[in-house]
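Presented below is the structure to which this report refers.
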Amino acid sequence: MSTTIRYGTGVLLSLLFLLLLCPAAFADDGRAWTWLSSNDKYSKFYAPASVRVTQSVMPAGKKQTVATEITADIRTSFSYEGAEETIRNYKIGHVITSPSQLSYAIAQVRVVPQTRLLQYVGETFYDAAGNVLWSKGMGTEKEMNSQQFDEEFYAAIIDIVFRQGEMARLRADDRWILLWTDETASGIKTQVTADTSTMRRTGDNLVFWAWTEVRDANGKAVEIKFDKRAVNLPQGTERIVTGRYWSPSDGWQPLDDGYEGAYRMIVREAPEGRGLIRLRAYADGYSTWVNRYQVR
């Protein structure tokens, strides 16, 4: 009989209740793991005591250093479905032959707050008895946004050092703000929202991730864009840094905005002009937030 527990709703609720009562008491390997979130596939934890500032700088004219690199330990527990998905994504079915073997993974990560980057330094996968199943070394750098699995890990680690409310912003009702909407005579509606958790000021640019939806007169999605953009607030120009595009026929594809990354003018009289006004107001009203962690 398999000893693997499939996380049903009742089991998850029991786990959450226990962890919320004593969120840092889970310490089966000597580290105190604090619970972050759970769903039917994954439970995420991090070890606050493991958080270390490994690089910092002293900005000109400042009296206190600013962390530019932080490391920490994180843990992911898997349900059967989560293990199955993880084995498939990592392409390690030849090593871990059954999802019932995979119980949890522990990793060390490094984060760069100025650019919202997270990188796995090393990761090890275990069975329920704590036996090592598979390990991997350094991973690629990933920028944290709403589509990244590791976003909560990043926010929790950053909050230990800076205490600026990264996790609260991820979970805020007003995390996404409306930039503009427009509807044609035929009923096609376009809506663009901006993720305030990703907003940061770099010189004159406000950098953030945006979500664009185009729906027909019946409300059916006909186009979606998810892109990172830089808006030069004084000049009223913008450029697409990177992104993805979805259509019903082709699914998700890399985004080609036709400008090859060059800045383009935001027409003041167009719907995008209303978005520029909204972004300028947000940058002024929340200047402390958009300038957080800056070193110059």
Rg followed by Dmax, in Å, when segment 26-169 is reduced to its Cα trace = 16.1, 57
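Please compute the length gained on full extension between Thr97 and Glu269, using 0.36 nm multiplied by the number of residues separating them and subtracting their Cα-Cα distance. Don't skip to the end; give the middle numbers.
Numbers: separation 172, 0.36 × 172 = 61.92 nm, distance 5.91 nm.
Between Thr97 and Glu269, full extension yields an extra 56.0 nm.
Students often get this wrong, so check it: of Lys142/Lys220; Lys91/Lys142; Lys63/Lys228; Lys44/Lys136; Lys44/Lys142; Lys136/Lys228, which have C-alpha atoms separated by over 27 Å? Before the final figure, lay out the partial values.
Working: Lys142/Lys220 31 Å; Lys91/Lys142 19 Å; Lys63/Lys228 33 Å; Lys44/Lys136 19 Å; Lys44/Lys142 18 Å; Lys136/Lys228 29 Å.
Listed pairs above 27 Å: Lys142/Lys220; Lys63/Lys228; Lys136/Lys228.
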note = Simple spin-label estimate for Gln148/Ser186, 7 Å along Cα→Cβ, in nm, reads 3.8
Burial order of peptide ranges 185-196, 127-138, 142-153 (average beta-carbon count within 10 Å, highest first) = 142-153, 185-196, 127-138
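Packing-wise, with mean Cβ within 10 Å as the measure, how do 250-263, 106-119, 87-100 rank, highest first? List each step's numbers first, then the result.
Working: 250-263: 11.0, 106-119: 19.7, 87-100: 13.7.
Highest to lowest by the protection proxy: 106-119, 87-100, 250-263.
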message = As I understand it, the value is the acute angle between the Cα axis of helix 271-285 and the longest principal axis of the Cα atoms of the chain; what does it come to in degrees, rounded to 10?
response = 60
ask   = What's the center-to-center distance, using Cα atoms, between segment 269-296 and segment 200-266 in Å?
value = 16
key: Asn89-Val241 pseudo-label distance in nm [points 7 Å out on the Cα-to-Cβ vector]   = 2.2
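Might you tell me the accessible area per residue for the chain, computed with a 1.4 Å probe and given in Å²?
Details: 15580 Å² over 296 residues.
Spelled out: the 1.4 Å probe surface of the chain, per residue, equals 53 Å².
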query = Taking only DSSP H segments of four or more residues, each worth -39500 (n - 2.57), what value at 222 nm results for the chain once the sum is divided by all its residues, to the nearest 500 deg cm²/dmol?
reply = -6000 deg cm²/dmol
note = Once amide hydrogens are built 1.01 Å from N within the peptide plane, the residues lying 5 or more places from Gly122 or on another chain with amide H under 5 Å from its amide H are Gln108
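What's the local net charge at Ala107, with K and R +1, D and E -1, over the other residues with C-beta under 12 Å away? Working shown, then result.
On the way: positive: Lys44, Arg75, Arg110, Lys136; negative: Asp73, Glu123, Asp150.
Surrounding charge for Ala107 is +1.
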query = For segment 209-225, what does the Karplus curve 6.51 cos²θ - 1.76 cosθ + 1.60, with θ = phi - 60°, yield as ³J(HN,Hα) per residue in whole Hz, taken in order and with x for Gly and Pro?
reply = 9, 10, 10, 10, 10, 10, 10, 7, 5, 8, x, 7, 5, 10, 6, 9, 10
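Report the extension gain between Val53 and Ala129 in nm, rounded to one decimal, defined as 0.36 nm multiplied by the number of residues separating them, less their alpha carbon distance.
Computed gain between Val53 and Ala129 is 24.2 nm.
Carbon and sulfur together cover what percent of the accessible area of the chain at a 1.4 Å probe radius?
Working: 7950 of 15580 Å².
Solvent-exposed carbon and sulfur of the chain make up 51 percent of the total.
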note = Rounded to the nearest Å, the spacing of the alpha-carbon centers of segment 102-132 and segment 146-194 is 25
remark   = Residues whose built amide H sits under 5 Å from the amide H of Val241, excluding neighbours closer than 5 in sequence, are Lys228, Arg229, Ala230
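The values are calculated or read from the model by the stated rules, or taken from the named source; none is laboratory data. Just so we're clear, the structure is a prediction, and the values are computed from it rather than from any experiment. Cβ: placed from backbone, ideal geometry, glycine included. Neighbour counts: every protein chain shown. Just so you know, the surface numbers come from the protein's heavy atoms only, side chains and all, with ligands and any DNA or RNA stripped out. Shrake-Rupley method; radii C 1.70, N 1.55, O 1.52, S 1.80 Å.
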